[in-house]
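Comments concern the structure below.
Quick note: the coordinates plus some simple rules give every number you see, no bench work behind them. Values in this document were obtained by computation on a predicted structure and should not be read as measured data. Here the Cβ positions follow ideal geometry from the backbone for every residue, glycine too, while neighbour counts run over all protein chains shown.
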Amino acid sequence: MNRRDFLQLSTLLPTLGLAPSLFASQGTPPLLIMIELKGGNDGLNTLIPVENRAYYQLRPTLALPANTALKLKDGLAMHPALQPLKPHWDSGDMAWIQGLGYANPNRSHFRSIEIWESGSDAAQNDTQGWIAKLYPEAARTLNGLVIGSDHGPLSESAFDTIIMDDARNFIRLTQQLRAMRAKTTNPTLAHLLDVQNNVHQNSQQVIDTLQKTRTTNTPFPQHKFGKRLAQAAHLINNGLGAGIYKIELSGFDTHKNQLRRQNALLNQLATGLAAFSQAMQQSGQWQNTLIMTYSEFGRRAAENKSGGTDHGAAAAHLLLGGRVQGGIYGSAPTLSAQKANDLSYTSDFRKLYHSIATQWLRRPSPWGEFGAFNLVHS
């Protein structure tokens, strides 16, 4: 076995020991699709204040011309690469939330994503994911799947979540793991591979769902993010039963050459989500689907000398879904009153979490003090 396969297998071991009832949920749970914009997306060039003179002064080369941006309302527009999502805005099932962040922001990728994914204060060291916090009494009843590299909001030592990078590798590695189990005479290794005797049963359950043939007529884009969304759609439409999905789109740490890089990434985001929403509509799941984006931080208000932006604080994020109340929520950060060239947050990100917990997942929330956005039609 080569080193890469060994490392991939080691990531599967703690996640395949699932209770047999994990995918035996009754009915269709509400679907929450969390899209991590890994690296820190520049919100100011995503939801653009095209009528704000300060925006063009701060970004003489990075500012996007007003006549190329996708006009929304209140002097705001979307990045032109998000054109495939414009029909959702026009039909009223797309929302933007401005100025999401938190007090005393941390500009470290690793620390700030911990804060966002745990729903904690900047001074707290908390490793439990914010989704896991919503299910304290019966963690194993929550069905979670990550298509990417880490548990993130689903993190919890007693919390069962499957992580897979792609379907082909998942099938290959789980089959390899079972072959190793059949050959080993080492009792310690055998116990590790068994993971409480559930590895075979539960990995096979996922593989069986991946190999089912019910498909939609939706063509998904062939970039990596599009393929990940296609896998999620396939699992949902073939009855896996998981309600929570986390999917990564990486590359947003745009310290240089931002115009080209962010344009390509936002195009992947938009084309992927447009295909996913179409697949959910075809299968009758769109009214049961909520998509949200998040990132560890935004970028600085002013461009740097390398044609990019550096680590910042607040940023805008989007929501999509058949029951989303479309519009623009929150207040825009004031560009003329910056602190250390940062965009000061205007809404704590846990206000979004509280809204999703109570209005979508119908769970008690620990973040009521932050208030709520009225995001979802009942």
- [ ] Describe numerically, in nm with one decimal, the distance between label points set 7 Å from Cα along Cα→Cβ at His377 and at Gln211.
- [x] 4.1 nm
TODO: Please report the relative contact order for the range 51-108, taking Cα pairs under 8 Å with a sequence separation of at least 6, and give it as a percent rounded to a whole number.
DONE: 20 percent
Open item on the list: As an exercise, use a Förster radius of 45 Å and the Cβ-Cβ distance of Asn186 and Thr127 to find the FRET efficiency, rounded to the nearest 0.05.
Closed with: 0.90
- [ ] Place the peptides 64-72, 316-324, 292-300 in order of packing, highest mean first, counting for every residue the other Cβ atoms within 10 Å and averaging per peptide.
- [x] 292-300, 316-324, 64-72
- [ ] For the range 265-378, just list the percent of Cα-Cα distances falling in each 5 Å bin from zero outward, please.
- [x] 2, 10, 16, 18, 19, 15, 11, 6, 3, 1
TODO: Rounded to the nearest 0.05, what FRET efficiency do Ala66 and Arg107 give with R0 = 22 Å and r taken as the Cβ-Cβ distance? Could you check?
DONE: 0.15
- [ ] Compute the length gained on full extension between Lys73 and Ser336: take 0.36 nm times their separation in residues and subtract their Cα-Cα distance, giving the result in nm to one decimal.
- [x] 92.6 nm
Open item on the list: Going through the cross-link list Lys224/Lys351; Lys38/Lys227; Lys227/Lys256; Lys86/Lys351; Lys256/Lys305, which pairs have a Cα-Cα distance over 20 Å in this structure?
Closed with: Lys224/Lys351; Lys227/Lys256; Lys86/Lys351
Open item on the list: Which residue, Asn304, Leu266, Asn288, has the largest displacement toward the positive end of the dipole of the range 259-314 when charges sit on each Cβ (Lys, Arg +1; Asp, Glu -1)?
Closed with: Asn304
Open item on the list: From Cα pairs below 8 angstrom and at least 6 apart in sequence, can you work out the relative contact order of the range 218-370, rounded to a whole percent?
Closed with: 18 percent
Task: Rough spin-label spacing in nm, given labels placed 7 Å along Cα→Cβ, for Ser91 and Glu51 - done: 2.8 nm
